[in-house]
Each structure stands twice: as C-alpha cells, then as structure tokens.
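Accompanying notes for the structure given below.
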Amino acid sequence: MGSPATLEHYKAGMVLSGAGDAIGYQWEFSFSGPDIHKAVKKLGGLKNIIVKLPDWLVSDDTVLHLATAEALATGKEGEELLQEVAFHYVKGMKDMNGRAPGGCTIAAASKLKPGTEGGYRIPYNPRSGGCGAAMRAMCIGLRYPLPEQLSSLVAVAVETGRMTHPHPTGFLGSVASALFTAYAVQRRPITTWGLGLVKDACPVAKEFVKTAGYAVEETERDWGYFTRKWEWYLELRGLSSGTGPVVWPDPYGPAERDKAYKSFSWSGWGGSSGHDAPMIALDALLGAGSNWEELMNRVAFHGGDSDSTAVIACCCWGLLYGTEGVPPGNYNYLEYRDRLENSAVRLFELSH
C-alpha cells in the first residue's frame, strides 16, 4: 500500500467496485448474513464465483456510478459539469431493467431537467436520506484526489448527491464515498478516514451549502444526524483521535456483524442510508486489510444493503491494493467492464 496510486490502481478501483456490486446484489434482499455465507459456501466459495451475465448483472449502483464517472470524464467543471451529470443520471435511468433502483432515485430523476437553468436541482425532500447518492460518488475522489482539492471534491459530491438526495444524511454519504477514495489515492491510513470526514469534509460541506443558497434552512435543520452517528461510530471503534488501535467486538462473525450493522443503521437495514453505507464499507476495510475474501465476507455477505456497501468498499480496496489476490473470475467477465476501465483511464488523466 506504500507505492503511489497508478493507472492500474484506478482501473482496479472502478472495476472491483462493479464486481463488488454484482456479487453483493445477488443477496441484496436476503436478510441473514449466516444464510448468505452458507449459500456462498455451496457455490464453492468466493473463488468459484464467475461474475458474468446473465446471472450476475450489476445493480443500479454501478449504472449510476458509471453515469457520474462518464460525466466527470468529459473534463467539464462547475455548472457545465452539473448539467452533464444530470443528463447522465436521466440517461442511466433507462438502463434499470432488473437492477432494483431505489424509489427516491426514480422519483428524483424524473424531476431533473438537464439543459435548463438550474435543471440539476430538485425540491428538498425530508425523506431522501438513503444511500443512493453514496453508492455512485466514489469516482469523484478519483477526479479530485489531492488534499488541496477538498473543496472541489465536496462541492461536486454535494451537488451531484442532491440531484436525487437533498437530505444531508443522503448527500453527505456522497461526500463520504468520494472522500474515502481520495484518501485511498493519497495512501492515508484507513484509521484516519472517519475522523477526516467528520472534522475536515463535513464542515466544508456545511459552508458550501450556505454559499450555494439552496434549501439552506431545511438542510441545516436536518444536518445533525449524520455527524452524530459518525462520531458515535468512531468512538465505538476507538478511532475518535484517528490513531487506533481499532477496537473490535469478539467474536465478530456474520451473525454479530448483522447485529452491528443494524445498530449503525437508521431503520434496521444496514447500509441502506447515506451515513451507514460508507460506514459499513469503512468497517470492512479496517477489518480486512489486503485480504479480498475477508473484505467480501464483511461487506458483501451480510443481511443489509450488501451491494451498496460493497460497491463503495471495493472501489477503495482496488485503489489501495489493485487486483492482487482477487480471483480473476470475480471481475474478468463483468458487465460494463470496458466502460469502467475507460472511465478510470480518463479520470486518471484528468487528476494528473
């Protein structure tokens, strides 16, 4: 993990995010981690899983992550970029057959009017705290990976997140996913990521919301939950000062993780909100180190919103470790692999 992030790391990040999504999606609506682990064992384990169509399609997560990535790949900035992203989201919604997009995203995307002034903004929705913005924002960190680009990363993550999820619990999830991939590119110790989110990125996001002048009152009213929950999590894991060592429950197997992820969650479905999808992703990255199989055990094979937690964690993992130790069948025949790799190449060029 010491060497700088190369083009190969960028490609691995984008491709493995799709692989994690496709594998997690297989069990998205199964609510028992232990049962999922049994099912994986029956298939001969993770190494035997060949991710390819028609059985292993990517979910809405990857379709919309690609939409964000391909919009960023145009190299546009500011208003032009936001119009481009809105255009790609509307287009992406036409590719949702069998991919289970979230209700909030479907409703919001139908309100986007790319090409018209402010057409990337939708009315404030107090019920838009889901993970739909978090699961498609990782590529923003690949485009703005440097510490001095934090304000650009936050602005783009907030505005693209609010296109469907104007509630801060929703769009701060977008900030978290983008920030964590930037940290992965920076090779910043994983134990510091959560603290950086709470102490550095969230205040920048709050300031940005004020200056952008859209739904300021509602956003400030609903702001507190996200940061409170993250502060609680950091304390739980012994990471409040960002140093560690990480405090783990013992034991922490599939059944215990199901319970823990529920306690992270807003409504009892771990990973389905903007705050806890990146939280579970981080929890898994902290626990798995460079072990792909352990990462998947923790982030894709649990009783919560498994594709959304996996899509985030696997992107970060690929940026850190490349594809080393990943069974080629897990990603070689992945749907949209070419598009994921092409956008990685373009984002790598733009970030350098």
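The values are calculated or read from the model by the stated rules, or taken from the named source; none is laboratory data. Treat the numbers as computed from the prediction; the structure is a model and nothing was measured. Ideal geometry is used to build each Cβ from the backbone, glycine not excepted, and the neighbour counts take in all protein chains shown.
Need a quick list: helices (runs of 4 or more DSSP H) entirely within segment 80-164 having at least 2 residues that are within 18 Å of Leu340 (Cα to Cα) and at pLDDT 95 or above. Give the derivation first.
Details: elements: 103-109, 138-143, 150-162.
In segment 80-164, 138-143 are the helices (runs of 4 or more DSSP H) which contain 2 or more residues that are within 18 Å of Leu340 (Cα to Cα) and at pLDDT 95 or above.
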When you go through (1) touching a residue at least 40 places away in the same chain (Cβ under 8 Å); (2) surrounded by fewer than 23 Cβ atoms within 10 Å (Cβ to Cβ); (3) touching a Lys or Arg at 6+ places or on another chain (Cβ under 6 Å) one by one for Phe171, which number turns out not to apply?
(2)
Quick check on my filter: what residues within segment 56-73 are of a type in the set (Val, Ile, Thr), assigned to a helix (DSSP H, G or I) and closer than 14 Å to Asp95 by Cα?
Thr62, Val63
Can you list residue pairs whose Cβ atoms sit under 7 Å apart, with the first residue in segment 50-62 being more than 12 Å from Arg99 (Cα to Cα) and the second being assigned to a helix (DSSP H, G or I)? Count only pairs 6 or more apart in sequence or on different chains.
Ile50/Gly329; Val51/Ala19; Val51/Ala22; Val51/Ile23; Val51/Gly329; Val51/Asn330
Matching residues in segment 302-346 - criterion: being charged (D, E, K, R), in contact (Cβ under 8 Å) with a residue 40 or more places away in the chain and in a helix (DSSP H, G or I)
Asp307, Arg337, Arg339, Glu341, Arg346
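How about segment 66-80: which of its residues are of a type outside the set (Asp, Glu) and touching a helix residue (DSSP H, G or I) at 6+ places or on another chain (Cβ under 7 Å)? Full working, then the answer.
Quick first cut of segment 66-80, residues of a type outside the set (Asp, Glu) only: 66-69, 71-76, 78.
Of everything in segment 66-80, those that are of a type outside the set (Asp, Glu) and touching a helix residue (DSSP H, G or I) at 6+ places or on another chain (Cβ under 7 Å) turn out to be Leu66, Ala67, Thr68, Ala69, Ala71, Leu72, Ala73, Thr74, Gly75, Lys76.
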Listed by first then second residue, the pairs whose first member lies in segment 8-28 and is in a helix (DSSP H, G or I), whose partner is modelled with pLDDT under 95 and surrounded by 24 or more Cβ atoms within 10 Å (Cβ to Cβ), with beta carbons under 6 Å and at least 6 positions apart or on separate chains, are none
For segment 277-294, which positions are farther than 15 Å from Arg188 by Cβ, more than 12 Å from the chain's Cα centre (by Cα) and touching a residue at least 24 places away in the same chain (Cβ under 8 Å)?
Asp283, Ala284, Gly287, Ala288, Ser290, Asn291, Trp292, Glu293
